[in-house]
Structures are given as structure tokens and as C-alpha cells.
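Participant: Just dropping this structure here.
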Amino acid sequence: MPEAAPRAPARSRKLLRHGLYAVAALTLLVAAVATYLAATFDPNDYRQRVIDLVRDKTGRTLEIRGDIGLSFWPGVAVRLEALSLTERESSARFASVERARVRLEIAPLLKREIVASELLIDGARVALTRDADGRLNIDDLLARGGETPRFDIARLAVTRSAITFRDLASGRQYDVTNLHLETGRLTAAAESPLALAFELRDAAGALAVHAKLIGRLGIDLAQKRYAILGAALELAGRAGSMTDAKLRARGDVTADLASAKVTLAPFELALEGIRNETEHVSVNAAAAEVVHVAGEAIGREVHASLAAQGRAGTTDVKIVLPAVARRADAIAAEAASVAIRLVRGEHVLEAHATAPLEANIAARELALKDLRAELTLSGPHISRGGIRGAVKGDLRLDSDPEGVQLRLAGRVDESNVKAQLAAAGFAAPVYTFAVDIDRLDLDRYLRGDKAPVRERTGATPAESLLAPLSDLPASGTLTVGVLSGAGAKANNVKVVLK
């Protein structure tokens, strides 16, 4: 018995040594078999079988002009070159790939499962088309049913690729070039890092931007749910008349294809750029939640602002919508709060209004009906307290062509006022107006408290009345029932500014 103890470690070492020899022998055997298969098996012999299978399943023609490369160690790696796929029942090219490589794990293949350590696609070209009836040329591929495929891809990378989209109904074409996409692990139900970059242009030359997107990609094929969480999108370039444009958007985007529901929550957007080479414009928007389902969208706690600065002055508009709904092209909110600040020369107009909001995307119009507003006008030719008023009316804003139409009626200080105002352009508007005032005391408004109008300004009451408009591109009529100032009084005064 005393001699048995020293022999136990020796026996264990011997078993370990024999085990290592067995593993080494097995490894050499697998390597030898893989080497033999790689040396004797030619996947190109199966080229026609693959082409026939694709044609039978999709009605499309697959062309493999390059060789098919295959290796078995350390995993099964397939390399493809010069692939192309036609449209359904057509010889027109739908997609092509310069090079592709997929590295598969051996063990899952024996159980007919796809587990890949990487999938690389380089130089892909895809042509998407929407016909006059709204059908896409990939609808037949997306509509294919069957069991959810089992796959596990540790890394996906798409480089130097491009997508062309043509809308035959509108005649528009958009080109996505220099597309680079990289993800982490992808399965039928997974969450993975996402990085995307591309350039976007339209055929008309009005749009040319660089784009970057990062976030986390969520996939659930069985439930048909997809998401980009923590999405951060950046665009830079030219869009229409706006140059040096920069757009930043952040939020979570989720899509449930089973219910056709898309949700943004929360969502932030910021856009700035130079418009018409002289006007700096910035737009900001945020929402606690935006839900789009069945052609309708509902937003909660929506905030938006517009700031425009040009040679004529600045315009600042802020809108708050506790709730807003979109149906087709129509947008409506039962309650909207609007704050406006206009600076033109040395004069400043500030207004705070509440009203129901209506907008039409196709017509690019926004309307505030049953508007209730409080306003203040100040400037060097106006009394230190400024002009204050409370009015009611309607406002309509058109973005194409740019313009604002305003109709108001109410009380401004001690005067009853009715006014119609139109402005063409945002940052550098040209105004037309028609104003009707029942009575107006100029001595009350012009700077200085004791001296009459003529002594302070050297101008007649009518000239002093138009002084605040002297530096504005404006034309219109002003009618006053009783006009007083500089110790004089006149009835039914009508002033025309051209």
C-alpha cells in the first residue's frame, strides 16, 4: 500500500499524455481530411445546380462569372466573385456583387444550421424600382414565406456598395453610393452594434449629402420586429436652395411589421444651413413620442422652432404642441402655442398666440385658425412702453412659395384695429398690408412725453405715422378714423405706402 501513492500521479500523467496524443492524432486526421476535400472537391462543379435552384425559387437568373473558392480549415469559407441577379422573369440586372466571402462553422453545418464568423460583401450594386402602381421590384422576394431561417453571423460588413432607387410615377431617382455597413452579431433574435455611412444624391442635382448613422440594431424575425436603439444620424451637404446644411437626429426607432407600426421615442432633430447664399436658417424639433400606424401618426409633447437671419433682419418662431395627429397629408392639433419675434432694422415685434393648428404636407401649408394673440411693438420712433395689444384672427403660412398671410382684429392700447398682412419670404420678406384703426393719438406713441410730434421729429403726423415702416420693404394702405397729433386732428385719414 505505501508504494501505491507515488504511482498514482505517474499514472495520471501517462493518461494525460496519451490523451494529448489522441487529440493531436484526431486534429491531424481532420486536417488531412479537410486538406483532401479542399484539394479534390471543386464547388464550381455545382455552379449550374445553384443557378437552376435560384431560377426555380425566384424566377430570377443568377450569373456567377468568377470562380467559387472553398476552404475547410479552420472553418468552411466560401468565396464568390462577379455575381449578378436579374429582375424577375427578365434579363434586366437587379443586383450585382464584385466579391463576397462567408466563413462558416463546421459543427452547425452538420445540423443544417448556418453559423458564420463573418459575412463580407464588397462592391454590391442594387437597383430598386417602384412602378406607377406603387409596387417595388423586390416585393416578390420580401413576400416569400416559410419557416424563420436559423442563422448566427458574428460579423457583417458591406463595403464600396451602392443602391439606386427610381420612382417611375414621379420620375425621381436617388443614388446611394460609397455605402459602408458594419454590424456585430446577427441572429433571428438579437441586438447588435450598427455603423452605417453613405452618400445620397438625386438625379436632378438638388440633393447631395453625406450621412452617418450609429446605434444598436434590434432584430426579431419571428415577431417581425426591428429597432435602431440610441440612433444618432448626421447629414451634411446640400438640399435644394440650402447649402452647408447640417442635420443631426437622435432617438429610438422601432418597427413592428406585423401591425405596420413605427415608433420614435424620444426624438430630437436639429437642422441648420445657408439658404439662397445669404440667409442662415436653423430648425429644431423634439417629441416625447411619435407613433405611425395604418397611415396615421400621433405625436406627444412636440416642440419645434425656426430661426432665420438675413439682410432684412431675423425671424424666430417657436411652437409647442401637447398633442398632434397626422392623417394622410393632413396634420392637426387642437391646441398650439406659438411665440414669434421679428426684428426688422431697429424695430421689434413680439407675439404670443394660442390656436388650433392645421397643416397640409402636400400643399406645404400651415394654418392657425381662431388665433388669440398678445403682441408688443417697440422701436426708436415708438414710446418707451411700446405698443401693446390683444387681437384675434387667422394665420396661414406657405413654404412653397414662402409666404405668410395674417388677418387680425382687436384692441391695441386705446385703439380698435383691423389688419391684413402678407409677407413674401421668411428671412428677407417683402410686406403688403391693409390696416384700419378707429382712432390714433400719435403723441402717445412717439418718443418724448411733452413736446408735440412736429417739435420732436420735424415731421407731420402722417409722416411720423409711417416712420417705423421707412426701413421696411413694404407697401399698403393705412386708414384712421380720427388721427391726432402735434395739436392737430383729422378725420378719415388714408395713407398709401408704395
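The values are calculated or read from the model by the stated rules, or taken from the named source; none is laboratory data. All values reported here derive from a predicted model rather than from experimental measurement. Reconstructed Cβ throughout: ideal geometry from the backbone, glycine too, with neighbour counts over all protein chains shown.
Participant: Applying the selection to segment 51-73, what residues are surrounded by 14 or more Cβ atoms within 10 Å (Cβ to Cβ), more than 18 Å from V126 (Cβ to Cβ) and of a type in the set (A, V, I, L, M)?
Facilitator: I51, I68, L70
Participant: Taking the residues in segment 240-260 that are in contact (Cβ under 8 Å) with a residue 24 or more places away in the chain and under 12 Å from the mean Cα position of the chain (by Cα) as candidates, determine which candidate is farthest from R275 (Cα to Cα). Walk me through how you get there before you give the answer.
Facilitator: From segment 240-260, those in contact (Cβ under 8 Å) with a residue 24 or more places away in the chain are 240-247, 252-260; that's our starting set.
If we keep only those that are under 12 Å from the mean Cα position of the chain (by Cα) too, we end up with 246-247, 253.
Values: K246: 12, L247: 14, V253: 30 Å.
Ranking the qualifying residues of segment 240-260, first place goes to V253.
Participant: Taking G75 and the conditions (1) modelled with pLDDT of 80 or more; (2) in contact with a Ser or Thr (Cβ under 9 Å, 6 or more places away or on another chain); (3) among the small types (G, A, S), which numbered condition does it fall short on, given that it satisfies the others?
Facilitator: (1)
Participant: Right, next: Please work out which residue is nearest to L142 (Cα to Cα), limiting yourself to segment 254-271 and to residues that are of a type outside the set (A, V, I, L, M) and crowded, with 16+ Cβ neighbours inside 10 Å. I'd like the intermediate steps shown before the answer.
Facilitator: Here is the first cut: in segment 254-271, the ones of a type outside the set (A, V, I, L, M) are 254, 256, 259, 261, 263, 266-268.
If we keep only those that are crowded, with 16+ Cβ neighbours inside 10 Å as well, we get 254, 256, 263, 267.
Values: T254: 19, D256: 15, T263: 22, F267: 29 Å.
Top of the filtered list is D256.
Participant: Within the bounds of segment 319-337, is there any residue that is at pLDDT 90 or above, under 20 Å from V404 (Cβ atoms) and within 18 Å of the chain's Cα centre (by Cα)?
Facilitator: Scanning segment 319-337 turns up at least one residue that is at pLDDT 90 or above, under 20 Å from V404 (Cβ atoms) and within 18 Å of the chain's Cα centre (by Cα).
Participant: Let me ask something else. I'd like to check something: does segment 310-322 contain any residue that is in a strand (DSSP E or B), touching an Asp or Glu at 6+ places or on another chain (Cβ under 6 Å) and surrounded by fewer than 18 Cβ atoms within 10 Å (Cβ to Cβ)? Walk me through how you get there before you give the answer.
Facilitator: If we filter segment 310-322 for residues that are in a strand (DSSP E or B), which is where we start, we get 310, 313-322.
Still in the running and touching an Asp or Glu at 6+ places or on another chain (Cβ under 6 Å): 310.
Okay, now just the ones that are also surrounded by fewer than 18 Cβ atoms within 10 Å (Cβ to Cβ), so none.
So far as segment 310-322 goes, no, none of its residues is in a strand (DSSP E or B), touching an Asp or Glu at 6+ places or on another chain (Cβ under 6 Å) and surrounded by fewer than 18 Cβ atoms within 10 Å (Cβ to Cβ).
Participant: Here is a list of conditions, (1) closer than 24 Å to L200 by Cβ; (2) surrounded by fewer than 15 Cβ atoms within 10 Å (Cβ to Cβ), and S282 meets all of them except one; can you say which number that is?
Facilitator: With (1) closer than 24 Å to L200 by Cβ; (2) surrounded by fewer than 15 Cβ atoms within 10 Å (Cβ to Cβ) applied to S282, the lone miss is (2).
Participant: Further question on the same structure: Assuming G385 fulfils every condition listed in (1) within 32 Å of the chain's Cα centre (by Cα); (2) assigned to a loop (DSSP other than H, G, I, E, B); (3) not hydrophobic (A, V, I, L, M, F, W, C) apart from one, which condition is it?
Facilitator: Of the numbered conditions (1) within 32 Å of the chain's Cα centre (by Cα); (2) assigned to a loop (DSSP other than H, G, I, E, B); (3) not hydrophobic (A, V, I, L, M, F, W, C), the odd one out for G385 is (1).
Participant: OK, next. When you look at L357, is it under 21 Å from E289 (Cα atoms) and in contact with a Leu (Cβ under 9 Å, 6 or more places away or on another chain), yes or no? Step through it out loud before you land on a result.
Facilitator: Working: under 21 Å from E289 (Cα atoms): yes; in contact with a Leu (Cβ under 9 Å, 6 or more places away or on another chain): yes.
For L357, the condition - under 21 Å from E289 (Cα atoms) and in contact with a Leu (Cβ under 9 Å, 6 or more places away or on another chain) - is met.
Participant: Same structure again: Can you name every residue in segment 220-239 that is buried (at least 18 other Cβ atoms within 10 Å of the Cβ) and either closer than 20 Å to D256 by Cα or β-branched (V, I, T) (or both)?
Facilitator: A227, I228, A231
Participant: Just checking, which of A188, A204, A154, A222 is among the small types (G, A, S), closer than 30 Å to G59 by Cβ and free of Cβ contacts under 8 Å to residues at least 60 places away in the same chain?
Facilitator: Working: A204 fails: closer than 30 Å to G59 by Cβ; A154 fails: closer than 30 Å to G59 by Cβ; A222 fails: free of Cβ contacts under 8 Å to residues at least 60 places away in the same chain.
It is A188.
Participant: In this structure, is G237 in contact (Cβ under 8 Å) with a residue 24 or more places away in the chain and under 24 Å from A195 (Cα atoms)? Before you say what the answer is, go through the steps one by one.
Facilitator: On the way: in contact (Cβ under 8 Å) with a residue 24 or more places away in the chain: yes; under 24 Å from A195 (Cα atoms): yes.
In short, yes.
Listed here are the residues, each with its yes/no results for (1) at pLDDT 90 or above; (2) under 24 Å from V493 (Cα atoms); (3) touching a strand residue (DSSP E or B) at 6+ places or on another chain (Cβ under 8 Å).
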position	(1), (2), (3)
E350	yes, no, yes
A355	yes, no, yes
A373	yes, no, yes
L377	no, yes, yes
V417	yes, yes, yes
Q420	yes, yes, yes
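Participant: A further question on this structure: Restrict the check to segment 282-302 and report whether at least one residue is within 19 Å of G425 (Cα to Cα) and out of contact with any Gly (no Cβ under 6 Å at 6 or more places or on another chain).
Facilitator: Yes, some residue in segment 282-302 is within 19 Å of G425 (Cα to Cα) and out of contact with any Gly (no Cβ under 6 Å at 6 or more places or on another chain).
Participant: Which one of these is farther than 23 Å from I298 by Cα and either in a loop (DSSP other than H, G, I, E, B) or at pLDDT below 90 (or both): A208, A222, A258? Before you say what the answer is, go through the steps one by one.
Facilitator: On the way: A208 fails: either in a loop (DSSP other than H, G, I, E, B) or at pLDDT below 90 (or both); A258 fails: farther than 23 Å from I298 by Cα.
Answer to the selection: A222.
Participant: Let me ask something else. Looking at segment 431-489 only, could you name the residues that are in a loop (DSSP other than H, G, I, E, B), at pLDDT 55 or above and out of contact with any Phe, Trp or Tyr (no Cβ under 8 Å at 6 or more places or on another chain)?
Facilitator: L446, S470, D471, A486, G487
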